[in-house]
Structure formats: C-alpha cells, structure tokens
1. Please compute, over every Cα-Cα pair in the stretch 273-322, the percentage with a separation greater than 16 angstrom.
2. For the chain, take the alpha-carbon Rg, divide it by the Kirkwood Rh, and send me Rg/Rh.
3. Counting only heavy atoms of protein chains, what accessible area per residue, in Å², does the stretch 200-339 have with a probe of 1.4 Å?
4. Quick one: if you stick a label point 7 Å off each Cα along the C-beta vector at Gln106 and Arg241, how many nm between them?
5. Defining a contact as two alpha carbons under 8 Å apart and six or more residues distant in sequence, what relative contact order in percent does the chain show?
6. List the equivalent ellipsoid semi-axes of the stretch 299-453 in whole Å, largest first, each obtained as the square root of 5λ for an eigenvalue λ of the Cα gyration tensor.
7. What is the mean projected area of the alpha carbon convex hull for the stretch 1-148, to one decimal in square nanometres?
8. Sticking with the crude label model, points 7 Å out along Cα→Cβ, report the distance from Ser249 to Ser339 in nm, one decimal please.
Amino acid sequence: MTATLEPGTLTGPRGWPLLGNLPAFARDPLAFFEDLRDRHGDWVPWSLGPRRALLVSRPEHVTELLAGVEHSFDPMDLGWAFRHLLGEGVVVATGEDWRRKRALVQPVVRPRQVKAYAATMVEYAARLAESWEDGRRVDVLREMAGLTQRIAVRTLFGSEAAGQEEAIGRAMGVAQRELGAEARGLTLFLPPWVTTPGRHRLRGAVHRLDQEIERVIAEHRAAAAAGEERDDLLSRLLAARDDTGAPLSARELRDEAITLYIGGHETTSTTLVWAWQLLSRSPGARARLDAELDSVLGDRLPTFEDHARLPWTQQIVRESLRLYPPIWLISATAREGASLGGRALPTGTAVWCSQWSVHRDPRWFEDPLAFRPERWDPDPPLRTVEQAWFPFGGGPRACLGARFALVEAVLLLAVLARRFHVDTGPGLARPFPGLTLQPADPVPATLRRTGTA
Ligand code: HEM
C-alpha cells in the first residue's frame, strides 16, 4: 500500500492496514525520519495509525510551518500525560488562552532577567566542581541532571524552597520519566481513562508535586503581601498582570511553574551530556576550549557578561545542539485552507519536521555527522545553512527559554571545563528519543583535574 497525499503525485513508505507506519515510527523514530528523507525526498506522506501525516525536510518548509502555527496550523496535541502534569500551561494551551499566557510568561524569562539567574548557575556549578575529585568515576547523566535540577528549583522557587528542593526534584523526576515513556510509547494513543502502571506513577508524582508547589506558592504570596522583594521566577510570575490587569490564578501559577521546570531542566542537562561526550572525542576542540577559558577567565569564575566573551564555548553548545537536539521533532496540524511551499494541504494533515534529520542533512551541513564547532565561526570553513538549525523551534511558539538555556549551558560548561576534563572515552552513547533526546544508557566518565584554577 502506498500512502498518497493530495495533490496526488507524492509517494511515501508502505504501511500496514490501520496502523500505517506507526510500527516503524515507534520502533526507531530517528532512523524512520532519516529513512523517509533519504528514500522519498523533502515532502513525504506517511500515516500514523489512521492519521494522515507529512514529513517536510527543507529548512524553508520548516520555517514556513513553524511560522504558521496558531494561524494556519494547530500545535501538536501533546496528549493526556502532558496535560495531566502541565495543566493548561503555555506549552499545552492554544489560541487566545495561549496568547495571554505567553505574554505573561515571556517577560519572566527575557534576556534581561536571565542575567539575574547567571550567578546562581555559576554558584551551583562551582559547588559541583568542588565536590569532584581527580580520578573519580561518575555518571555524567546523573551529575548534569542533578546540577540543572538544583538550578531549576532555585531559580524558579528561590532559596526558600531549599527544604522542598529534594521532594520537588524527586516528584519532578518521576513525572518526567513517565512523560517521556508516554511520549514515546503507544500509550500516547490511549484515552485518558485507561490506566497503565506508568500513568498510575505519574498521577502519584503529580499529586505530591501539587502539594509541594502549593506550599511554595503560599509562602511566596505571604512574602509578597509583606512587601518582600524576591527575584525568583515564581515571584515574577506572581507579579505578572495581563492586558486587563488580572494576575495568574493559583492554578495557572502552578501550571506555569511546572512548565518552566519541565521545559528547561532536562533539555539543558542533556545538551551538556552530549557536549561532554563530543568534547572527549575531539581533542582539538577541547584544546581550543581550554585556551579560551584560560585567556578570558584565568582563575576567576565567569559572570553573565562572560557569556558573550566565550564564542568558542558558545559554538560547542551550538554544535552539540545540532548533532543531538534535545527536542527532536515538532508537529502541527493543518487547518482548513492551510498550505505549505505553495501546496494546499488537506485539513487535518499532521505535518512533521525533525530537528534530528534536518540537522544531519549533508545538503545544509557539510560533513554533517562530524562534531565541528568551527562551522559556526564567523567565516565558516564548512558549508553551513543557519536556517537549517532549529533546536528551539521557531515562529510564534518558539522556545521561551532559549536565551536562558544558552547562557546556562555556556556558563556551566565554562565553570566545569576550567577545572576538570570530563572524560567519557572515545565512544558515544546511543540516543534514546524520549521526551528529550537522552543517552539510552548511563554515561560513565573519569574526572581529570585540569591542573589550573
Ligand atoms: C537546550 C535547552 C532547550 C531546548 C532545546 C528547548 C527547545 C524547545 C522547543 C523545540 C520548543 C517548541 C518550539 C516550537 O514549537 O516551535 C520549546 C518550547 C518552550 N520552551 Fe524550550 N527548550 C530549551 C530550554 C528551555 C528553558 C530553559 C525554558 C524555560 C526557562 C524553556 C521553556 C519553554 C517554553 C515555556 C516553551 C513553550 C512556548 C510556547 O508554546 O509558546 N525551554 N522549547
């Protein structure tokens, strides 16, 4: 059976009756998208169960698709698990509700505010480096997840959450794991009333999380009422007002707090885990990193302003995000009258694009599988199409935390790399496309003190 999409000349992969290409997609979505791109081209109809789908692989189509979300395309329905955890937070909300929430949340993470969080990022990274010892074996996945989690709890809830840090982190960890399992598995298509062991665990974690967050919000409200000024994200959300002068309700505050945590912590920690592995295999890139940190920082810790003075560190992060984009696919559904690349799309078509397959396409990135941070030099030695790099999505629903994430990744890398080589050896973990593109297994590393700082 060959799937077709009006207007009719397109061909895609063969699929199963009823299931379509769902089995191949669920088995290995990364390989599936690369295969569609390589064997069928830039515009490939396929089917996800009964749903008509289309994969686009050209950067201009991706840009047009993302720009059209909330106008001619509906954003992807993220499913029951996301809604259960994130409520109607900005990632889940659509239409007018989304517009209002995005306008309320955006100022909280705008670049000027990120500056206020840089000191916390650096402080926590320095503390981690102090706890490390020369020659010790660690699991980098755990180390980075723990670090970004502590930073997320602190920047979101402030130092007052210190007591709850562990409990919130644990419940978030369980919720995040179950969310990943749901996003990847066939349960995504099960109706909400079907209970699975994973869904049961998720419900339990959300219940605990709600209790903890309710307590933190109550504390923040009391502090605000007493005129106390705080600079954490939750305090800023509490102070935010929409066009009509209305604040976020208690439920909305809870939803946005969890959204910012889920949106920002695992994405950034996996970026770092991949960066350490790529650096371990690339002595030249590592040597240039050491030289940059030595000349810009010497023996001092970085500040927010140093982010701009560390172009090579930034390029390492950029290149890691190209090869291992934490969010590896985006999908949106065509509304009536939607078109793309000049073609009319049948209403309801789910259009997909994958950061994974576009970022690894030799047409846009010369030598695409190689880790070459120099491709982001102002005068790049390799052909590089900037428009084909979209780890943060694009258009009206582009990532709200891109600046936050880039500053955090660069500062953490700078603090830790100045003090240690995180040597993961010559291998590379197998990527597991869950909620984010995680290494499938633990990533063991040997810590080696750099001998400086
Ligand atoms: C390396 C780290 C990160 C990556 C790769 C990433 C990636 C993404 C992507 C691909 C989207 C969807 C964009 C689209 O649909 O076009 C998104 C949305 C979002 N991200 Fe991030 N993100 C990261 C870090 C963060 C951080 C640190 C925060 C918060 C502090 C955050 C908050 C959000 C929010 C709130 C949205 C929803 C925006 C909306 O729907 O209007 N992200 N992110």
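The values are calculated or read from the model by the stated rules, or taken from the named source; none is laboratory data. These figures come from a predicted structure and were not determined experimentally. Note that each Cβ is placed from the backbone with ideal geometry, even for glycine, and that neighbours are counted across all protein chains shown. Ligands, DNA and RNA are excluded from the accessible area calculation, which covers all protein heavy atoms including side chains. Shrake-Rupley method; radii C 1.70, N 1.55, O 1.52, S 1.80 Å.
1. The answer is 40 percent, as a whole percent.
2. Answer for the chain: 0.96.
3. Accessible area per residue: 41 Å².
4. 1.9 nm
5. Across the chain, relative contact order equals 25 percent.
6. Computed over the stretch 299-453, the values are 34, 18, 16 Å.
7. The orientation-averaged projected area of the Cα hull of the stretch 1-148 comes to 13.9 nm².
8. Simple spin-label model gives 4.1 nm for this pair.
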